[in-house]
Amino acid sequence: MSQNIRPDRDFTTLKDYRRTGGYQGIRKALTELRPKQVQQLVKDAGLRGRGGAGFSTGLKWSLVPMEDDSAADIRQTRYFLANADEMEPGAFKDRLLLEQDPHQLIEGIIIGAYAIQANIAYIFMRGEYRLAAKRVAHALQEARDHSYLGEHILDTDFNLEIYLHTSAGRYICGEETALLNALQGRRSIPRAKPPFAVVSGLWGRPTVANNVETLCNVPHILHYGVDWYHSLGLGADQGTKLFGVSGRVKHPGLWELPMGTPIREIIEEHAGGMQDGYRLRGFLPGGASTDFLLPEHLDVLMDYDAVAKAGSRMGTGTIIVLDDQTCPVQMVLNLEEFFAQESCGWCTPCRDGLPWTVTLLKDIVAGRGRMEDLYTLAGLTRMLGPGHTFCALAPGAMEPLQSALKFFREDFERYIIGNSATREPA
């Protein structure tokens with residue numbers, strides 16, 4: 001997937017991309033396969049969403065209502081979206097793809113749009129990604145100039161235009177339906193489901209939204225085939241994944257590795273292990289909205305089911321390391337402040353529960369905490385958990401907190417006990 005990303009050039013041009021087989025995937029899709037055959041091919045490949053949820057990409061495409069199996073089936077307007085609103089703390093994988101290999105994303109969008117017979121697509125990008133926006137816009141123009149976009153792509157009946165939309169930026173825009181509202185110029189809040197976006201999405205029309213990294217896998221599946229893609233994975237999941245590590249490691253960064261690569265290999269070999277004088281105490285395996293795991297989990301494979309069995313989520317696959325000289329309570333407080341700020345305020349548990357969580361954590365860190373605050377925090381992790389909020393923002397925010405209370409409870413208690421002797425009686 002990242003064969004075009006090289007240290008000897010700033011980014012991949014159209015000429016560079018075609019030299020390594022670029023745009024052969026759309027040639028096969030548009031000239032040899034019908035839309036539903038493309039859907040089935042991606043489904044058979046086992047590609048799962050790389051944005052965090054891990055839902056089957058081909059299955060998602062197949063849920064779009066299609067009048068018939070004809071390549072010219074465009075009677076109902078459909079939309080295809082690339083979600084480039086990467087605002088999860090600790091995540092920086094899509095930025096690399098956007099800045100370094102934009103044509104790979106464009107080809108993935110074209111194939112996805114053809115598979116659901118959409119003739120309009122959008123790239124929804126966070127506003128802070130200015131360099132990425134500049135390079136994607138340049139790549140889009142290159143694609144238009146060489147007839148990969150526009151009317152009668154590759155002399156077929158398929159037409160497509162891709163528009164780049166740079167957002168004002170909110171974490172909630174990573175939620176699919178909030179992204180749809182933002183793109184329509186509305187307040188970026190999640191929509192009630194059902195109906196799901198694949199049936200009634202952008203302007204009430206069938207819409208598919210996929211993560212940038214997900215779409216960057218698609219051209220290679222079409223070009224090299226399902227068996228080749230299956231051969232890349234080491235565990236239960238297929239293909240490769242961009243894994244990242246941030247924190248006090250010797251070589252923080254991002255690497256493309258087989259799905260199912262052990263966490264120990266990612267941290268100790270590719271990231272170089274902990275910096276001198278620091279020990280690994282724990283880590284968030286998939287960005288800020290995942291549960292902590294401990295050093296005893298280093299041999300867990302980085303695939304969706306294995307990480308879930310260990311008690312967390314693979315999420316974005318970007319590991320945030322907690323060292324033994326960083327306070328887990330203050331680390332969690334920092335994360336909860338972010339989530340509270342980014343709440344859209346649409347539902348009461350998230351709007352009121354997250355600021356309450358921040359207040360309790362600030363009191364604990366400032367020496368005003370009481371033991372009963374820990375029980376209140378534990379209760380909030382349940383009340384803001386799955387099924388109690390309008391979307392997944394608050395449940396995701398509770399994951400690092402609930403696991404910190406489980407694994408690092410003594411750190412919370414130390415703040416409370418250490419200051420209780422100096423506190424005046426109530």
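Here, each number is a calculation from the coordinates, and none is a lab measurement. Everything numeric here is computed off the predicted structure, so don't read it as measured data. Every residue, glycine among them, receives a Cβ derived from its backbone with ideal geometry; neighbour counts consider all protein chains shown.
Stretching the chain fully between Arg279 and Tyr375 yields a gain of 31.6 nm (0.36 nm per residue, less the alpha carbon separation).
Each helix, a run of at least 4 DSSP H residues, gives -39500 (n - 2.57); summed and divided by the residues of the chain, these come to -12500 deg cm²/dmol at 222 nm. Distance distribution P(r), the range 314-426, all Cα-Cα pairs, bin width 10 angstrom from 0: 14, 45, 31, 9, 1 percent. When only the Cβ of Lys, Arg, Asp and Glu is charged (+1, +1, -1, -1), the dipole of the range 148-192 relative to its Cα centre reaches about 540 debye. Between Arg351 and Lys193, residue separation times 0.36 nm minus the direct Cα-Cα distance comes to 54.9 nm.
Proximity of backbone amide H atoms, modeled 1.01 Å from N, is registered between Tyr79 and Thr207, Val208 at under 5 Å, excluding neighbours fewer than 5 places apart on the same chain. Separation of the range 291-368 from the range 231-280 is 20 Å, based on Cα centroids. Label-to-label distance, Arg264 versus His138, with points set 7 angstrom from Cα along the beta-carbon direction: 4.3 nm.
Between the amide H of Asn211 and those of Arg50, Gly51, Asn83, distances stay under 5 Å, these residues lying 5 or more places away or on another chain, with hydrogens modeled in the peptide plane. Along its principal axes, the chain has C-alpha extents of 81, 45, 35 angstrom, given from the largest down.
Per-residue Karplus couplings for the range 159-164, computed as 6.51 cos²θ - 1.76 cosθ + 1.60 with θ equal to phi - 60°, are listed in order as 10, 7, 10, 10, 10, 8 Hz, Gly and Pro entered as x. Taking amide H as placed 1.01 Å from N in the peptide plane, Glu86 has its amide H under 5 Å from the amide H of Arg126, each at least 5 places away in sequence or on another chain. The charge dipole of the range 248-323, taken about the Cα centre with unit charges on the Cβ atoms of Lys, Arg (+1) and Asp, Glu (-1), comes to about 240 debye, rounded to the nearest 20.
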